[in-house]
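Report on the following structure.
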C-alpha cells in the first residue's frame, strides 16, 4: 500500500515504462525516488538517464545526490562538479554541490558554492538561508544582517519554506520559529497520506515506546539518552524500541543503546515508507522523534503517522510546527507558559530538566595545560559550542570578558575551514591579542571531558546556547554562565542551571553576563567556591539522576498512552 498522496514515484515509474528511451523520464524517476528516501533506485535511474544522454547535468546532479545519500561523498562531489561544469548557471546544482562539499570537508569551497547559487538567484530566500547557515559555521559574518533579513522576511510573509533548524540561529522570536516550522511542514503534510488508525491498545498492555533517531551512537543524542534508556529498561510497563536511522559506528555508546532496548531496529538504509512500515509493524503506540528538523532526520516518516501518538523530544529545541506531532516534552523553565502558544504541540512538562545525561561518563585524567595549548597560568574561559552558534554579539561579549581579566584566555572548539582565522581577526580588530584565543580540535568524548577540567568558566552563546555541551561542562566540573532568552533554544543551559540549583549563573542581559564573568575571573577564591558548589549540586540536585529521570519519563509516556486508549485527545499536562 502506498502512503503517499498522489504517488509521484508510481507515476514516474509508469512514465519510464511508456518512454524507456526518454532520459528526462529517468531523471524524474530518480528525483522522485530520492525524495522518497530510496537512494538505490535513484542512482539506478540516474545512471540509466546518463546512458541515454551522456553528461546530462540534471542526471549527473541526481547521481551525485544519490551517492551523497549513501555517504559516498567523494563520488558525489565528482558527479556534482561535473554537473556544475556542464550547467554553470543552474542554482540548484550549485546548492547540491555545496551540500556535498560540506561532507567532503571542503568547507570554503562549499561556501563558494552556496554563494554562487544565491548569486544566480538572489531573490530566492531558500538559497539565502543555506548561504547564511554555512557562513555562520565558517564564522564569516559578512553580509550577515542582510542575509538574515531576507530569510526572516520570507518567513514573515510566508513566501518560502526554509530549514527550521538553521533558523534557530537567527535572532528571531518564538512566533517566527513557529511560522518557519509550519511553512516547512505544510507541503509535506499535503503530500502525504497517513496510515489508517490503529484499534485502541488493551488498557493493561505495556506501552510500546519507539524512539527514532540518526544519533544512536557516539553522537550528542546517543550520549544524552544512553544512561536514561538503560534505566528505563528496568521500569515496568514500558517496552522500548529504538529505530536507528544511522549505521553502526562501532562505538561503546551504540553497544550500550542496543543492550538497553527491548528491541533494536536497523532502518538506516531504508526508504521512508519502509521505515514507517517497520514502525507500524512493531505496534508502536508512542513514537518519539529524536531529530525533528535537524539534518539526518526523517520527517517524511513521521508525516505518515506510523504511530497513534507522536512526540517531539530532545534533539530539536523548538516547535515542529507539524500536524503529525502531538506532544512536546519539556520542563517549566525551558518552555514556560508564555511560550506554549508558540508551539503547535501540546506541552508535557517533566518535574526535572527535560534533557537527560549520561551519568556513566568517565572523566579521565587530563593532559597538561601546555599539551592543550593553554598557558601555564591564568583563567581559562571556554565555549565549546559549535561554530554556527557563535555570532558578533556572543563573541563580542566574550572578548569584553577577556579584556576585563588580565592573563585570561578563551578556549574554543576549532571550526571548519578558515573559521578560526576569522575569529582571531575579529578579536584583533577589537584590540584583543589573537593569541588569547586557543582552539581545540574535536576529540573523542572521554578525552574532551578530560580537557574540560582545565576550563574555569563556560561562556555561553545567544540565541542558540549550549545544550549537550553545557551538560558535558557541568559533568566535568566547569560552571556555565548563560543569558536565557525567550525561545526554547536559548533556555536549555538555563534549565540545566536552574535544576542544578545554580540559578545565579542565569543572568538577565549582556551587561550582567560580562560583569559576572569578569568578577569571577578576577576573584580566584570565588571561582573555586563556585566550582565546589557545582560539585556538591551535581551529586545532590537530581540533574544527573537517570533512574529518577526514567521514572518521570515513563510516567509521562504512560499518561499519554492512557489518554489515547481512552479515546481522549492530546492535552497539555504538567508533572511538576
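The values are calculated or read from the model by the stated rules, or taken from the named source; none is laboratory data. Since the model is a prediction, treat every value here as computed from it, not as a measurement. No Cβ is skipped: glycine too gets one built from the backbone with ideal geometry, and neighbour counts run over all protein chains shown.
Enumerate the helices (runs of 4 or more DSSP H) found wholly within segment 268-350, keeping only those where 1 or more residues are surrounded by fewer than 20 Cβ atoms within 10 Å (Cβ to Cβ).
Values: elements: 272-281, 299-303, 337-340.
Result: 272-281, 337-340.
Rundown of residues vs (1) surrounded by fewer than 23 Cβ atoms within 10 Å (Cβ to Cβ); (2) assigned by TED's automatic domain parsing to the domain that holds residue 60; (3) over 18 Å from residue 27 (Cβ atoms); (4) touching a helix residue (DSSP H, G or I) at 6+ places or on another chain (Cβ under 6 Å), yes/no style:
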| position | (1), (2), (3), (4) |
| --- | --- |
| 83 | no, yes, no, yes |
| 87 | yes, yes, no, yes |
| 118 | no, yes, yes, yes |
| 152 | yes, no, yes, no |
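Per-residue answers, yes or no, for (1) within 27 Å of the chain's Cα centre (by Cα); (2) assigned to a loop (DSSP other than H, G, I, E, B):
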site	(1), (2)
425	no, no
443	yes, yes
447	yes, no
458	yes, no
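Which of the following residues is within 21 Å of residue 168 (Cα to Cα) and either free of Cβ contacts under 8 Å to residues at least 60 places away in the same chain or buried (at least 22 other Cβ atoms within 10 Å of the Cβ) (or both): 485, 407?
Details: 407 fails: within 21 Å of residue 168 (Cα to Cα).
485 is the lone residue from the list that is within 21 Å of residue 168 (Cα to Cα) and either free of Cβ contacts under 8 Å to residues at least 60 places away in the same chain or buried (at least 22 other Cβ atoms within 10 Å of the Cβ) (or both).
The set of residues in segment 204-245 that are more than 23 Å from the chain's Cα centre (by Cα) and assigned to a strand (DSSP E or B) comprises 207, 208, 238, 239. Among the residues making up segment 33-46, those that are outside any loop (DSSP other than H, G, I, E, B) and farther than 15 Å from residue 22 by Cβ are 33, 34, 35, 39, 40, 41, 42, 43, 44. Residue 245 meets all of the listed conditions (1) touching a strand residue (DSSP E or B) at 6+ places or on another chain (Cβ under 9 Å); (2) surrounded by fewer than 19 Cβ atoms within 10 Å (Cβ to Cβ) but one, namely (2). Per the listing 527, 457, the residue uniquely at pLDDT 95 or above and over 30 Å from residue 166 (Cα atoms) is 527.
Quick one: in segment 508-523, of everything that is touching a residue at least 60 places away in the same chain (Cβ under 8 Å) and either outside any loop (DSSP other than H, G, I, E, B) or not assigned by TED's automatic domain parsing to the domain that holds residue 379 (or both), which residue is nearest to residue 378 (Cα to Cα)? Ranking the candidates gives 521 first. Restricting attention to segment 65-83, the residues that are assigned to a helix (DSSP H, G or I) and without any contact (Cβ under 8 Å) to a residue 24 or more places away in the chain total 5.
Among the residues of segment 368-386, write down those that are surrounded by 14 or more Cβ atoms within 10 Å (Cβ to Cβ) and assigned to a loop (DSSP other than H, G, I, E, B).
Filtering segment 368-386 for residues surrounded by 14 or more Cβ atoms within 10 Å (Cβ to Cβ) gives 369, 372, 374-375, 378-386.
Listed by number, the residues that qualify are 369, 374, 375, 378, 379, 384, 385, 386.
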